[in-house]
Structure formats: C-alpha cells, structure tokens
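The values are calculated or read from the model by the stated rules, or taken from the named source; none is laboratory data. Everything numeric here is computed off the predicted structure, so don't read it as measured data. Glycine also receives a Cβ, built like all others from the backbone with ideal geometry; neighbour counts cover every protein chain displayed. The area values use the complete protein model at the heavy-atom level, side chains included, leaving out ligands, DNA and RNA. Shrake-Rupley method; radii C 1.70, N 1.55, O 1.52, S 1.80 Å.
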Amino acid sequence: MSPNPPTPRYHPVSRIFHWAVALGVAVMIPVGILMTSGSVEGIQDELYILHKGLGTILLVLVAARLAWRLFHSPPPMPESMPPGQRRTARFVHGTLYALLVVMTTSGYVRTVGDGFPIELLDALGLPYLLPEMPDVAAWMVLVHKGSAYLLAALVAAHVGAVVHAQLFAGHGVFRRMWPPVGGGGQKGEG
Ligand code: HEM
C-alpha cells in the first residue's frame, strides 16, 4: 500500500510573503491603537514614526505580494474540506487581500495628504507620491479606522478557521503555509 501523498505546500516565496505581512499586521494594529489612544504620551511620536515607516514597508510588500499572487495560483485546498468551507475560505482570503490594500493606501494618503512626514522615506531620500489634499485625507481617517477593525475581525476569523480545520476537522491546512522559510513547496503554485 502506498503512503498518503504529502499535503501540497504554498510556494516558498508565497510563504515568506504571508508570514512577513502577518507579522507586520500583528505589530501595526496594537501600535495604531496605542498611538491614537492618548494613553502613551511619552512615546507617542516614536509609535507614530514606527507605524508610518512599517506601514510604508507593508504597502510595498502588499503590492509585491499581489503581483506575485497574480501569476502564482495557490495549491488546491484539501479535498476533505466541504465545498462550502472552501468557498468561504476563498472569500475570506480575497477580502483579506482587499483590506490590506485599503489599509496601507488609506494610511499613506491620510498621512501624506495631510502634509505629515513619513520619516523612513525622508531618511532614505525617497519622494512622496501625492500632493497635499486635506479633504481626501480627512475621509481616509475614517476609512483607515473602519477597515482596521474589519481587518482585525477577519484575521481573527481566519486564524480561528485554520485552528478548527487543523485541530478538529483534520484537514491539515496549517502545513500548507508552514514553515515560513524552506520545507519545499509546489513549483509553479503560489
Ligand atoms: C496593514 C497596514 C496597517 C494597519 C493594520 C494599520 C492599523 C492602524 C490602526 C489600528 C490605527 C488606529 C485606528 C484608530 O483606532 O483610530 C491606525 C491609525 C493610523 N495609521 Fe495605520 N495601519 C496600517 C498602515 C498605515 C500606513 C501605511 C500609514 C502611513 C504611512 C498609516 C498611518 C496611520 C496614521 C497617521 C494613523 C492615525 C489616524 C488618525 O489620524 O486617527 N497606517 N492604523
């Protein structure tokens, strides 16, 4: 009898993108909430500088990840997963991508559009890509805040679904995205 075929993994590049963005978001949400809470006066400026700099790195990373994803489809989901769950997972993944784009661009437009600096870009001598536009920036405050809470809720749902599929339903999905580096992967898949 032949052993079960190994679970197909995401491409190594896709896994690096996934965990780098996950780590970035895990830092950005609490830092964003802390710096706007008014409860950390001594280090508020440092938190803003960290948030804007890391956020700008994430903006580039999310754009690169999307470009990569366009040309690299993910490996098929386990056949043991019911079709409804597969559809829901695809919808959640698509919405997470969309929210990452909205979060990073709204943060950038809110900052640059209001004439605030991004210290990391200044340090690297890189230009800002937008003119000042305070009206648009004011809207972006709302968009950024609203989508931050949506993103946090969806990340929680995503993690919960993976834990459930892995531990209780036995679909073995975690290994598709783990480890972040190395461990082989499907050539030509994303
Ligand atoms: C995935 C990326 C990002 C996440 C998860 C994120 C998350 C957050 C969160 C949770 C808040 C607090 C919202 C509130 O309760 O008011 C916030 C505020 C803020 N973020 Fe981001 N952010 C991201 C990207 C960016 C980027 C790229 C920039 C700028 C380059 C930026 C600039 C700001 C600024 C200026 C505020 C304060 C908004 C205000 O005026 O109230 N963020 N962010």
Within the set of pairs 6 or more residues apart or between chains, which connect a residue that is assigned to a loop (DSSP other than H, G, I, E, B) inside segment 93-122 to a residue that is within 10 Å of the ligand (Cβ to nearest atom) and of a type in the set (G, A, S) with Cβ atoms less than 6 Å apart? D114/A137
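Would you check if there is a residue in segment 62-75 being without any contact (Cβ under 8 Å) to a residue 60 or more places away in the chain and in contact with a Ser or Thr (Cβ under 6 Å, 6 or more places away or on another chain)?
yes
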Residue check: is V13 within 9 Å of the ligand (Cβ to nearest atom) and either assigned to a helix (DSSP H, G or I) or β-branched (V, I, T) (or both)? no
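Just wondering, is there one or more residues in segment 149-171 that are assigned to a loop (DSSP other than H, G, I, E, B), modelled with pLDDT under 95 and either in contact with a Ser or Thr (Cβ under 6 Å, 6 or more places away or on another chain) or exposed (fewer than 12 other Cβ atoms within 10 Å of the Cβ) (or both)? Write out each step before concluding.
Taking segment 149-171 first, the residues assigned to a loop (DSSP other than H, G, I, E, B) are 169-171.
With modelled with pLDDT under 95 added as a condition, the list becomes 169-171.
After this cut, where a residue has to be either in contact with a Ser or Thr (Cβ under 6 Å, 6 or more places away or on another chain) or exposed (fewer than 12 other Cβ atoms within 10 Å of the Cβ) (or both) as well, the list is 170-171.
Yes: one or more hits.
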When you scan segment 116-141, how many residues do you find that are out of contact with any Ser or Thr (no Cβ under 9 Å at 6 or more places or on another chain), within 30 Å of H93 (Cβ to Cβ) and open to solvent by 90 Å² or more (accessible area, probe 1.4 Å)? 1
